[in-house]
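Take a look at the structure below.
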Amino acid sequence: MKMSIGRMGRQLLGVAVAGMAFVAAGPASAEMGQPAPWEHTLQEAATPVMENIIWFHNFLLVLITVITLFVLALLVIVVVKFNAKANPVPSRTTHNTLIEVAWTLIPVLILVGIAVPSFRLLFLELDVPKPDLTVKVTGKQWYWSYGYPDNGKFEFDSLLDKDKAPRLLGVDNEMVVPVNKVVRVQTTGADVIHSFAVPAFGIKIDSVPGRLNETWFKATKTGMFYGQCSELCGKDHAFMPIAVRVVSDQEFATWVEGAKKKFATNPANSYASAGQAAQ
């Protein structure tokens, strides 16, 4: 019995070590702009807003860890020092001015320390700077439509492509934007409430029928970045991904010229593609 328990312990230890190695290697092997196996951190930032979100997250994590350890230390002190055996004659103290002032002021200062960067981050997210281009995003059941009113007023649909990687994130037509440019995203819903979310950009905003919401991002890195609808919108909610391709200015200008010919010449293409998807 002892040998079997020891063998089981070694096996469990081996599984634990292998699991820890896999966890450590998982996010490191993932590409930027998409989720990673066993990922336990936020996605790598590709915009200034996301950089601030990551900083604020890490700041709060450190703060709450310190508070938790401090409260744990107080509990241990109380258990050890003030139990009936160690302290047979209990204190009858009812007031301690210093402690009462401290436990009032310290939480207030902590909340102020959280509020200042929190309000700064909210202002950064909500105050849309002067945009270099605008993209109108319409959530539909169950795909996205993108319009470029500043670049020829063409529109196109973006549907899940099951043959493209990464799984359930690849699409037939990506949203394309230039790098280091302020992109204003205006979004609405055509049928029910959807939510346009791209984690690496630090954006998540509801697409509401009859209402135009807006947010912004400024991608500082080129590449592919993925998101998904983040509002329960119906049976195919899990199958309406968002794919944003960030390119250089020259590549974006070339893509715009091609997109004008590909999409603007056939205004009904969105309805046709939606019909094909339904079939």
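Throughout, read-outs are computed from the coordinates displayed, never taken from laboratory work. None of these values were measured; they are calculated from a predicted model. Counting neighbours? That spans all protein chains shown, and the Cβs are built from the backbone with ideal geometry, glycine included.
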Report task. Just name the residue that is surrounded by the most Cβ atoms within 10 Å (Cβ to Cβ) out of those in segment 143-199 that are over 18 Å from the mean Cα position of the chain (by Cα) and β-branched (Val, Ile, Thr). Result -> 177
**Report entry** Residue within segment 99-115 that is part of a loop (DSSP other than H, G, I, E, B), of a type in the set (A, V, I, L, M), within 26 Å of the chain's Cα centre (by Cα) and surrounded by 12 or more Cβ atoms within 10 Å (Cβ to Cβ) present
**Finding:** no
Query raised in the report: What strands (runs of 3 or more DSSP E) lie completely within segment 186-239 and have 2 or more residues being farther than 26 Å from residue 166 by Cβ?
Result: 213-217
Requested in this report: Tell me, please, whether a residue that is in a helix (DSSP H, G or I) and surrounded by fewer than 10 Cβ atoms within 10 Å (Cβ to Cβ) can be found in segment 127-135.
Outcome: no
